[in-house]
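**Q** Quick one: this structure, given as structure tokens, is what I'll be asking you about.
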Amino acid sequence: MTLAGPLSSDRYFPVLKGKVALVTGAGSGIGRAGAMAMARHGAQVVVTDLDADKAAQVVKALKSEGLSAASAALDVTDDKAVAAEIDKTVKTYGQIDVLHSHAGYQIEGNLEQVPLDGMDMSWKLNVRSHFIAARAVVGHMRTQGGGSVIITSSNSGVQYDREMIAYATTKHAVVAMTRQMAADYAKDNIRFNSLCPGFIDTPFNAGFETQMGGRDKLERYVAKTIPMGRWGTTDEMADSILFLASDMSTFMTGHALVIDGGECI
Ligand code: NAP
């Protein structure tokens, strides 16, 4: 048997047929790849992003493959808009089976360096926005008999970075919050797991690239620091999203799924 590469990129099985999924921060990077993979594997996906145009481009790409999906502008720091988009999804499609609450924020700096508004924004995006989205979805999922909530943390949620206090602290907090929600809602068959990526080559790392002193230095850092010696791909992340979203992981809840080429070891 040969390995044919990520499941999400070239082999499609209807593991999410009949399911409805909503993804935040899905106009780019990991959220985009996960949303596209879920649609390709059978789900009706609502692709949301801060930038309406980026979300619409993802839907356009899916439509060019003959798949149906919907897009919406959604700022995850807008509590009312998040709840309204989730309610609208249920009204339109009759259910919501998967929430991938993905958008996040990174700002560098140690205790003395990080700006206070950067610390506040980290809590707002990396913890509070997931709380709000999960809160908006659980009532619907309970009524329909279950669901899967995937919350993006980071491998910085299970290990410590250097001079990234706001990021590492909030990413740890969201792993804890996800585990607590998993414990509280297991009886309702609502699963909560956190996704903990390592270095995935997306625009999200632009700030870290600057902090490192440019692309070449970042490439050398990745080659040296990651045991597998490379970046992860968004398709590799999408495979884990498919696993957590679908019935391939029905007995898994409260888990922090680390996909980082061994960085945490
Ligand atoms: P990305 O390619 O930059 O995509 C993130 C998307 O979220 C962008 O389209 C961004 O829009 C959008 N967004 C930003 N603020 C938002 C808001 N308030 N409401 C809704 N959408 C918003 O990044 P990514 O690689 O997918 O990473 C994003 C998430 O993965 C974060 O939670 C991050 O902590 C986590 N993560 C990433 C890595 C990695 O190496 N890439 C590693 C660990 C964890 P704009 O571009 O307009 O801001």
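**Q** Rounded to two decimals, what is Rg over Rh for the stretch 20-256 when you use alpha-carbon atoms and the Kirkwood radius?
**A** Rg/Rh for the stretch 20-256 comes to 0.96.
**Q** Please report Rg (one decimal) and Dmax (integer) in Å for the Cα set of the stretch 50-112.
**A** 15.1, 52
**Q** For the chain, the longest stretch holding no chymotrypsin sites (Phe, Trp or Tyr not before Pro) located in a DSSP loop with at most 12 other Cβ atoms within 10 Å is which?
**A** No qualifying site falls inside 1-159, the longest such stretch.
**Q** Within the stretch 6-78, which trypsin sites (Lys or Arg not before Pro) sit in a loop by DSSP and count at most 16 neighbouring Cβ atoms inside 10 Å?
**A** Qualifying residues, ordered by number: Arg11, Lys17.
**Q** Next question. Straight-line reach from Lys187: which aspartates and glutamates fall under 18 Å, measuring Cα to Cα and dropping same-chain residues less than 8 apart?
**A** Asp97, Asp247
**Q** In terms of Cα to Cα distance under 16 Å, which aspartates and glutamates are near enough to Lys60, apart from those fewer than 8 places away along the same chain?
**A** Asp49, Asp51
**Q** Quote to one decimal, in nm, the extra length available between Phe13 and Asn110 on full extension: 0.36 nm per residue of separation minus the C-alpha distance between them.
**A** Numbers: separation 97, 0.36 × 97 = 34.92 nm, distance 4.51 nm.
Length gained between Phe13 and Asn110: 30.4 nm.
**Q** Once the cut-off is 19 Å, how many percent of the Cα-Cα pairs in the stretch 152-265 end up in the long-distance tail?
**A** Summing the P(r) of the stretch 152-265 above 19 Å gives 50 percent of all pairs.
**Q** Under the Kirkwood approximation applied to all pairs of distinct alpha-carbon atoms, what is the hydrodynamic radius of the stretch 221-260 in Å?
**A** 11.7
**Q** Moving to a separate point now. Where nothing but the Cβ of Lys and Arg (+1) and of Asp and Glu (-1) is charged, how large is the charge dipole of the chain around its Cα centre, in debye to the nearest 20? Intermediate results must be reported in sequence, preceding the final value.
**A** Details: 25 positive and 29 negative charges, 139 e Å.
Roughly 660 debye, rounded to the nearest 20.
**Q** Filter the cross-link list Lys19/Lys80; Lys19/Lys91; Lys80/Lys171 down to pairs whose alpha-carbon distance in this structure exceeds 20 Å.
**A** Lys19/Lys80; Lys80/Lys171
**Q** At 222 nm, what value in deg cm²/dmol follows for the chain if DSSP H runs of at least 4 each add -39500 (n - 2.57) and the sum is divided by all its residues, to the nearest 500? Mind showing how you got there, number by number?
**A** Details: 10 runs with 119 residues, N = 265.
Helices in the chain give a 222 nm mean residue ellipticity of -14000 deg cm²/dmol.
**Q** So if each residue of separation counts as 0.36 nm, and I subtract the Cα-Cα distance between Ala81 and Met248, what length gain in nm does that give? Working shown, then result.
**A** Values: separation 167, 0.36 × 167 = 60.12 nm, distance 3.11 nm.
The Ala81-Met248 span can extend by a further 57.0 nm.
**Q** Can you give the translational diffusion coefficient of the stretch 127-214 in µm²/s, computed by Stokes-Einstein from the Kirkwood radius over Cα pairs at 4 °C and 1.567 mPa s?
**A** Details: Rh = 14.2 Å.
Using the Kirkwood radius from Cα pairs, D works out to 91 µm²/s.
**Q** OK, next. Tell me, what is the FRET efficiency for Ala61 and Asp201 to the nearest 0.05, using R0 = 25 angstrom and their Cβ-Cβ distance as r?
**A** 0.85
**Q** Measuring from label point to label point, each 7 Å out along Cα→Cβ, what is the Met228 to Arg162 span in nm?
**A** Output for this residue pair reads 2.4 nm.
**Q** Evaluate E = 1/(1 + (r/R0)^6) for Gln211 and Ala186, where r is the Cβ-Cβ distance and R0 equals 45 Å; express this FRET efficiency to the nearest 0.05.
**A** Calculated value: 0.70.
**Q** Report the convex hull volume per residue for the stretch 4-151, counting only C-alpha atoms, in Å³.
**A** Values: hull volume 17.6 nm³, N = 148.
Expressed per residue, the convex hull around the Cα atoms of the stretch 4-151 is 119 Å³.
Just so you know, all these numbers are worked out from the coordinates, no wet-lab data involved. Just so it is clear, the structure is predicted and the values come from calculations on it, not from any experiment. Neighbour counts run over all protein chains shown; Cβ positions are idealised from the backbone, glycine included.
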